[in-house]
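K.L.:
Structure incoming, see below.
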Number of protein chains: 2
Amino acid sequence: METLINEIALLLRTRRVALGWTTAELAETLGVSRPRVQKALDDMRELGYGLSATGAGAIRITRAPDRMIDTEILAGLKTRIFAKNLHCYNRLGSTNTRAIELAESGAAEGTIVVAEEQTGGRGRLGRNWHSPPRLGIWSSVILRPQVPLQRASGLSLLAALAFAHSAESELGLKVDLKWPNDGLIDGRKVLGVLTEVSAETDQVYFAVCGTGINVSHLPTDFPQSLRQTAGSLAMACGYSVDRLAFYRAFLSQFETLYRGFRRDGIAPFLDDYRKRSLLLGHEVIVTQGHLTIQGRAITIDENGALIVRDGRKNTVIFAGEATLREQ
Amino acid sequence: METLINEIALLLRTRRVALGWTTAELAETLGVSRPRVQKALDDMRELGYGLSATGAGAIRITRAPDRMIDTEILAGLKTRIFAKNLHCYNRLGSTNTRAIELAESGAAEGTIVVAEEQTGGRGRLGRNWHSPPRLGIWSSVILRPQVPLQRASGLSLLAALAFAHSAESELGLKVDLKWPNDGLIDGRKVLGVLTEVSAETDQVYFAVCGTGINVSHLPTDFPQSLRQTAGSLAMACGYSVDRLAFYRAFLSQFETLYRGFRRDGIAPFLDDYRKRSLLLGHEVIVTQGHLTIQGRAITIDENGALIVRDGRKNTVIFAGEATLREQ
C-alpha cells in the first residue's frame, strides 16, 4: 500500500480523532499537495475505509477496512518484537518462501510477511494450503531463537497454542490441537502451521513459522475436497469475525509464548498443549512415510515428540500423520 | 581441472596400464591434436603426476599427485551415492557454503564439494576452521535423508564415526570422539564436523555435512593459537599419510554408515559411538551460551543428546562445548 495512505490513516486514527482533519490540514502536515491528499482519500474509500466529513469539511475514519495492510494491522497492536518489520502483500506465492528470502538477507527477528492471497500456499510435507483472497490469515514470522536444532520444532507447537489461546479469549471457541500442529474446532481444521528452519546442529540460524488460519470462509468457499474436513472461525462462531482484530490477538499471544520459549524452552507450555490435545489418551494410527504405528497416544514429550504405547513398547514419534483409531 | 587431463589420466590408469600409450594413440583415441595432448601431459607433470616413457615412447603413470582432483579421488573409489557428482576446487571460501548453494539448486544426494584450500573455512558456532592448501581434507557432502528435523544431528555423529573407522582401518590409529562431533588423536583435535540443515519440522530438505580433517600438518603448520590443541594424521602416525587414499576410505566408510542410517536411524551406531566417546563416564563441564552444566556424562541418547547427571538430576544436552573436569 502507498505510504501516503498509511500516513493519512495514521493521522486520522491517532491524532485529533474526534475533531477530524481537513484536506488542507492533511496536505500541510504531510507536506504534499491537496490534490494528492484528495486522491489518497479516494483510494482509501476504494480500500474499504469509511470516511465521513463534518460540516466544516473535517474528515474522520468511521470504519476500518478488512484488509491486511500495515496501518490496520499495527493499529492497537501491542507486540514488541513481532511486526516491528511488516511486509504486506496483496498476492504472493507463499508467505513462508518470501519470509525465508528475507531471513536469508538478514531480516530481523519478528519480521512478518502477510498476504491477502497465496497463489502457492504451502502446507506440511509439500502439500498445498488453500489460501483464497481475504478469507484467512496467511502469515509468516521470522524467528531467531538461540536454541539447538532439536528444539526448533517446539515453535510449531507454540504457534498452535497461540491460536488456541486467541480463539478462546477473543471468540470463546474451544480449539483441539492435533499433534503436531493442526488446530481443529468442532472437528474441522481451521489452523495449519508450517515451520521451516535453516540451522547447524548446534544452533538455529533462523526459523520461519507460517500459519494459515481460516477466518471468514463459508463451507462453499472451500474446494470440494476440503469441504468435509475444513472449517473457519466464522463457521465455528456462526457470525462474521473481525479478521484484523483476531490477527492482532494471535500475534500478541504468539509473541508472549515465544518470549517464554526463548527464556525457558518448551517445557512450561507442554501441560497446556497436552490438555488441548485431540490425541492423548486415545488409540491412534500414525503414518510416517510407509511406516505405520498403532497404539495409545500417551504423552507429548519435552522434545515435542508424540509417545505412542503399544503393549509394553513405547515409540517416540517426531513427525507423521496421526488419526484417531475409533473414527 | 581440465577435462582433457582427466580423460588422459583415466586412460593411462584404467586401460592398457602396463603397455602405456603413445602421444599419437592418445590423440587419436580422444579426438584431439597431438600438440594438445603434449601440452596436457606437460600440465600433468606440473600437477605432480609422475609419467615415464617406454623405449617406444609409450607413456605410463608412475606416481599419482597428492591433489584433490576428480580422477585421483575417483580412482578406486567404491561408493555408490557419494561422489557421483564431484566438485573439486583449488581454492574456495567454504566447501559447506558452496554445497548449500548446490543443494538449493537441486544437486543430488551424495554430491561432494572438496577444495585444496578454504579461505573462509567454517566450524561450529560461527568459528573459523584453519584450512591451509594441500594439508588436509576440506570436504562437504549433500545428504537428503528422509527423516524429521530432530534426526538430522545424527549425521554429525555418523561423520565422526566414519572418521574413527577410517583412521583405525587405514592407519591403525585410535580416535577419541568428543561429543558432539570432534575427533581427537592423542588428545589433539584432528577432525571437525559442521552439519548444516534446511528443513521443515517434519522432514529434512537437505543437510550439508562438512568435515575438516587435518592430514599432513606438522606442528609448525598450525597458527600459534592452535599449536597446543590441534594435530594431524601425519603427526599421529609419525610418517606422511596418503591423503587421497585416506579420503577415499573415509568416503566409503561414511557412505556405508549413512546407508544404514537411512534404513534404521542412528540407534544401531550409538554403542559404537559411545565406546569411542572421550566424555562418557567422566565428570564434565558443558557450556551452552551463558549456561554451564556440570556433572557426570552418563550416556548419549538416541537423539544424539549428551546426558549429564548431577546428583539425582539428569540434564539432556543437545548442543554445547564439553570439557573434562579433571583436566
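K.L.:
Expressed in nm², what is the orientationally averaged projection area of the convex hull enclosing the Cα positions of the range A:13-68?
P.N.:
4.0
K.L.:
Still on this structure, please answer the following. Find which of B:Cys237, A:Thr220, A:Thr292 sits farthest along the positive direction of the dipole of the protein assembly as shown, computed with +1 on the beta-carbon of Lys and Arg, -1 on that of Asp and Glu, about the Cα centre.
P.N.:
A:Thr292
K.L.:
If one takes the longest principal axis of the Cα atoms in chain A, at what angle in degrees, from 0 to 90 and to the nearest 10, does the Cα axis of helix A:95-104 lie?
P.N.:
With both axes taken from Cα atoms, the answer is about 90 degrees.
K.L.:
Considering amide H positions built from the backbone, and no H for Pro or chain starts, which residues 5 or more places from B:Ala230, or on another chain, come under 5 Å of its amide H?
P.N.:
Correct list: B:Lys189.
K.L.:
Note the angle between two axes, namely the Cα long axis of helix B:3-14 and the longest principal axis of the Cα atoms of chain B, as a number of degrees from 0 to 90, rounded to the nearest 10.
P.N.:
The two axes meet at around 90 degrees.
K.L.:
If R0 is 30 Å, what FRET efficiency do you get for A:Arg296 and A:Glu168 from their C-beta distance, rounded to 0.05? Numbers along the way, then the final one.
P.N.:
Working: r = 27 Å, r/R0 = 0.90.
Efficiency at R0 = 30 Å is approximately 0.65.
K.L.:
How many nm separate the modelled label positions at A:Thr220 and A:Gln146, each set 7 Å beyond the Cα in the direction of the Cβ?
P.N.:
5.5
K.L.:
I've got another one for you. Using each residue's phi in the range A:191-208, evaluate 6.51 cos²θ - 1.76 cosθ + 1.60 at θ = phi - 60° and report the 3J(HN,Hα) Karplus result to the nearest Hz, with x for Gly and Pro.
P.N.:
3J(HN,Hα) across the range A:191-208, in whole Hz: 10, x, 10, 10, 9, 10, 9, 10, 7, 9, 4, 7, 7, 7, 6, 7, 10, 10.
K.L.:
Another one. How far is helix A:34-47 tilted, in degrees, relative to the longest principal axis of the Cα atoms in chain A, given as a value from 0 to 90 rounded to the nearest 10?
P.N.:
Its long axis makes an angle of about 40 degrees.
K.L.:
About the Cα centre, and with charges only on the beta carbon of Lys, Arg (+1) and Asp, Glu (-1), how big is the dipole of the protein assembly as shown? Nearest 20 debye, please.
P.N.:
460
K.L.:
So, one more: Using helices alone, what [θ] at 222 nm do you get for chain A, with -39,500 (n - 2.57) per DSSP H run of 4 or more residues, divided over all residues and rounded to the nearest 500?
P.N.:
-9500 deg cm²/dmol
K.L.:
Which ³J(HN,Hα) values, rounded to whole Hz and listed in residue order, are derived for the range A:162-171 from phi using the Karplus coefficients 6.51, -1.76 and 1.60 in 6.51 cos²θ - 1.76 cosθ + 1.60 with θ = phi - 60°, glycine and proline given as x?
P.N.:
4, 5, 4, 4, 5, 5, 6, 6, 7, 10
K.L.:
Test of understanding: ordering B:Ser169, A:Ser166, A:Ser252, B:Ser140 by Cβ neighbours within 10 Å, fewest first, what list do you get?
P.N.:
Going from sparsest to densest Cβ surroundings: B:Ser169, A:Ser252, A:Ser166, B:Ser140.
K.L.:
Something else about it: Need one number: nm distance between label points at B:Asp42 and B:Arg262, each 7 Å from Cα along Cα→Cβ, rounded to one decimal.
P.N.:
A separation of 4.5 nm, rounded to one decimal place.
K.L.:
Ratio to report: Rg/Rh of the protein assembly as shown, with Cα atoms as the point set and Rh obtained by the Kirkwood method; give two decimals.
P.N.:
Values: Rg = 30.4 Å, Rh = 28.3 Å.
Looking at the protein assembly as shown, the ratio lands at 1.08.
K.L.:
Between copies, how far does the label point of A:Glu101 sit from its twins, in nm, shortest first, when each point is 7 Å from Cα along Cα→Cβ?
P.N.:
2.0
K.L.:
With +1 on each Lys and Arg Cβ and -1 on each Asp and Glu Cβ, and nothing else charged, work out how big the dipole of the range A:283-324 is about its Cα centre, in Debye to the nearest 20.
P.N.:
Using Cβ point charges on Lys, Arg, Asp and Glu, the range A:283-324 gives about 180 debye.
K.L.:
Same structure again: Are there trypsin sites (Lys or Arg not before Pro) in the range A:67-100 that DSSP marks as loop and that have at most 16 other Cβ atoms within 10 Å, and which are they?
P.N.:
Within the range A:67-100, the qualifying trypsin sites (Lys or Arg not before Pro) (loop, at most 16 other Cβ atoms within 10 Å) are A:Lys78, A:Arg80, A:Lys84.
K.L.:
If you don't mind, another one. If you find the alpha carbon centre of the range A:118-185 and of the range B:288-310, how far apart are they in angstrom?
P.N.:
Between the Cα centres of the range A:118-185 and the range B:288-310 lies a distance of 32 Å.
K.L.:
Still on this model: Taking N as the number of residues in chain A, what value does Rg over Cα atoms divided by 2.2 N^0.38 Å take?
P.N.:
Working: Rg = 21.9 Å, N = 327, 2.2 N^0.38 = 19.9 Å.
Taking N as the residue count of chain A, the ratio is 1.10.
K.L.:
In addition: Which value, in debye to the nearest 20, gives the size of the charge dipole of the range B:3-63 about its Cα centre, when Lys and Arg are +1 and Asp and Glu are -1 at the Cβ?
P.N.:
Working: 9 positive and 6 negative charges, 32 e Å.
So the magnitude is around 160 debye.
K.L.:
Something else now. Among the GluC sites (Glu not before Pro) within the range B:109-149, which fall in a DSSP loop and have no more than 16 other Cβ atoms within 10 Å of their own Cβ? Write out the running numbers ahead of the final one.
P.N.:
Numbers: sites: B:Glu109, B:Glu116, B:Glu117; in loops: B:Glu109.
Filter output for the range B:109-149: empty list.
K.L.:
Can you tell me, using C-alpha contacts under 8 Å and at least 6 residues apart, the relative contact order of chain B as a whole percent?
P.N.:
13
K.L.:
Every other copy gets compared here: list the nm distances from the B:His290 label point (7 Å along Cα to Cβ) to its counterparts, shortest first, one decimal.
P.N.:
Spelled out, the distances from B:His290's label point are 5.0 nm.
K.L.:
I've got another one for you. Projected onto the charge dipole of chain B (+1 at Lys/Arg Cβ, -1 at Asp/Glu Cβ, origin at the Cα centre), which of B:Ser153, B:Leu279, B:Leu41 gives the Cα projection farthest towards the positive end?
P.N.:
Farthest along the dipole direction, towards plus: B:Leu279.
K.L.:
Starting from the range A:9-42, pick out the trypsin sites (Lys or Arg not before Pro) whose DSSP state is loop and whose Cβ has at most 16 other Cβ atoms within 10 Å.
P.N.:
A:Arg15, A:Arg16
K.L.:
For a footprinting-style exposure proxy, rank B:Arg227, B:Arg188 by other Cβ within 10 Å, fewest first.
P.N.:
Values: B:Arg227 13, B:Arg188 19.
Ranked by crowding around the Cβ, least crowded first: B:Arg227, B:Arg188.
K.L.:
Taking A:Gln146 in one copy and the same position in all the others, each labelled 7 Å out along Cα→Cβ, what are the pairwise distances from the first, in nm, shortest first?
P.N.:
Here A:Gln146 shows inter-copy label distances of 3.9 nm.
K.L.:
Most exposed first by the Cβ proxy, i.e. fewest other Cβ within 10 Å, how do A:Asp221, A:Asp301, B:Asp182 rank?
P.N.:
A:Asp301, A:Asp221, B:Asp182
Read-outs throughout are calculated quantities, based only on the coordinates presented, and are distinct from any laboratory measurement. Everything quoted here is computed from the prediction, not taken from an experiment. Counting neighbours? That spans all protein chains shown, and the Cβs are built from the backbone with ideal geometry, glycine included.
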